[in-house]
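The values are calculated or read from the model by the stated rules, or taken from the named source; none is laboratory data. Keep in mind that what you see is a predicted model, and the values were worked out from it rather than measured. So basically every Cβ, Gly included, is an ideal-geometry build from the backbone, and we count neighbours across all protein chains shown. Heavy atoms of the whole protein, side chains included, go into the accessibility calculation; ligands, DNA and RNA do not. Shrake-Rupley method; radii C 1.70, N 1.55, O 1.52, S 1.80 Å.
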Amino acid sequence: MQNTPHIPVLYREVIEAFQDVESGIIIDCTMGYGGHSSMILEANPNIKLIAIDQDQTAIDFSTERLSKYGDRVSIRKGRFSNVIKEILEEYGADEIKGLLADIGVSSLQLDQKDRGFSYESENLDMRMDKGASLTAEVVVNEYSTSELENILLEYGELRNYKKIASTIVKNRPFTSAKSLSDTLKNDMPRGKKIHPATLLMQAIRIEVNDELGELKSLLNSLQNAGLSSAKIAIISFHSLEDRIVKQEFIKWSKSCICPSEAFRCECGNNHSLGKIVTRKPLMAKDDELKENIRSRSAKMRIFQMDN
Ligand SMILES: C[S@@+](CC[C@H](N)C(=O)[O-])C[C@H]1O[C@@H](n2cnc3c(N)ncnc32)[C@H](O)[C@@H]1O
């Protein structure tokens, strides 16, 4: 595992989540460097895996890495919000027995300076899919002050978002993440264990890749898919994403969907899609934290569809 560009987070918990899936299809919505995918294929010898990624570098790497599993694996390039709909049409809901999404960027994407994800990058790109039209350069140089403020507050949870947005607007245009983070270094919060520009980069990246929109769309497709017995495991790294997953799973578990002010139940009281497996999110234990610092903010929630 150490000689791959990305160490999968919560790997023991992921294996455990799918250990009772004996056959059918498991979908890995965020294949990346194939870490989780190969573990699932090893641990579940009778399943087929459909693996999705929008990043061509990840596709090329994992096509090679997963080739030994032959026709047990099918790799699809695209945004999971789109590809999931095609898969559901192609195979039908009953075939799908599991789905994993490990939302966010991979270590390799962060480490490759030419991708623009790092505050030391010499460009401002941050697209997971290099064919997408919105880049970090457009967000930083063309968004209005109030649009920037919203992103910094919502996605970066930066308390001095107004000051940061104003410094960006006064000093633009920017052509590199490095010049952006150097210009803003005095406006960034200090004292935490992370580099001051990390939250700024995170906020811009979430906007560029529409990460919250992708997650909401995926959950919406799953809710309406009519999955009869599938285990859904979502790993997120941001409190907003975790909240979206938590609330969606609570909604899926409810049998009665009448408005809270309704005098009595009129919905039929039969709307539950299954049950929440993890009341609290699963997080990395000390030994994993020691070997993979990226796992410190990972949270996994699991839902058992049971229609
Ligand atoms: C955190 S990494 C996944 C790592 C993977 N679990 C592993 O073990 O190697 C996230 C990956 O998902 C991809 N990704 C993120 N959002 C996506 C989306 N909406 N559609 C398709 N791929 C996405 C990224 O390009 C990246 O390669």
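Quick notes on this one:
- For the chain, the dipole from Cβ point charges (+1 on Lys and Arg, -1 on Asp and Glu) about the Cα centre works out to 960 debye, to the nearest 20.
- Antiparallel DSSP beta bridges within the chain, percent to nearest 5: 35
- If you sort ASP94, ASP210 by accessible surface, 1.4 Å probe, largest first, the order is ASP94, ASP210.
- Nearest 10 degrees, 0 to 90: helix 80-91 Cα axis against the chain principal axis: 20
- Cα→Cβ-extended label distance, 7 Å offset, between GLU64 and ASP287, nm: 3.1
- Counting only alpha carbon atoms, the long axis of helix 211-223 and the longest principal axis of the chain meet at about 10°.
- With a simple spin-label model that places each label point 7 Å from the Cα along the Cα-to-Cβ direction, the separation between LYS85 and SER297 comes to 3.0 nm.
- Centre separation in Å (Cα based) which lies between segment 108-169 and segment 250-307: 31
- Around the Cα centre of segment 51-202, unit charges on the Cβ atoms of Lys, Arg, Asp and Glu (plus for the first two, minus for the last two) sum to a dipole of about 700 debye.
- Across the cross-link table entries LYS48/LYS130; LYS231/LYS285; LYS162/LYS231; LYS130/LYS254; LYS178/LYS290, which are compared at the Cα atoms, the separations over 31 Å belong to LYS162/LYS231; LYS130/LYS254.
- As a ratio to 2.2 N^0.38 Å, the alpha-carbon radius of gyration computed for segment 116-240 takes the value 1.18.
- Applied to segment 120-135, the Karplus parametrisation 6.51 cos²θ - 1.76 cosθ + 1.60 on θ = phi - 60° returns per-residue 3J(HN,Hα) values of 9, 5, 8, 9, 10, 10, 6, 7, 5, 9, 5, x, 6, 8, 7, 10 Hz, with x for Gly and Pro.
- A dipole drawn for the chain from +1 and -1 charges on Cβ atoms has a positive end, and of ASN209, LEU153, MET300 the residue lying farthest that way is LEU153.
- Extension gain from ASN307 to THR167, taking 0.36 nm per residue of separation minus the Cα-Cα distance: 45.2 nm
- Near ASP28, the amide H atoms lying under 5 Å from its own belong to ILE50, ALA51, ILE52, LEU100; only residues 5 or more places off or on other chains count, and H is placed 1.01 Å from N.
- Shape category assigned to segment 165-307 from the gyration tensor of Cα positions, a/c cut at 1.5: prolate
- Helix 239-253 and the longest principal axis of the Cα set of the chain meet at an angle near 20°.
- Loop-exposed trypsin sites (Lys or Arg not before Pro) per DSSP, neighbour cap 14 Cβ within 10 angstrom, longest uninterrupted part of the chain: 1-129
- Where only alpha carbons of the chain are counted, the Rg and the Dmax (Å): 20.3, 61
- Across segment 105-119, computed HN-Hα scalar couplings (Karplus, 6.51 cos²θ - 1.76 cosθ + 1.60, θ = phi - 60°) run 9, 8, 4, 5, 4, 5, 7, 7, 4, 6, 7, x, 7, 8, 5 Hz from first to last residue, x flagging Gly and Pro.
- For the chain, relative contact order (Cα pairs under 8 Å, six or more residues apart, normalised by length) works out to 17 percent.
- Rounded FRET efficiency, nearest 0.05, which uses the C-beta distance separating ASP111 from GLU22 and R0 of 30 Å: 0.20
- Potential lengthening of the chain between LYS185 and ASN220 amounts to 8.7 nm, from the contour at 0.36 nm per residue minus the alpha-carbon distance.
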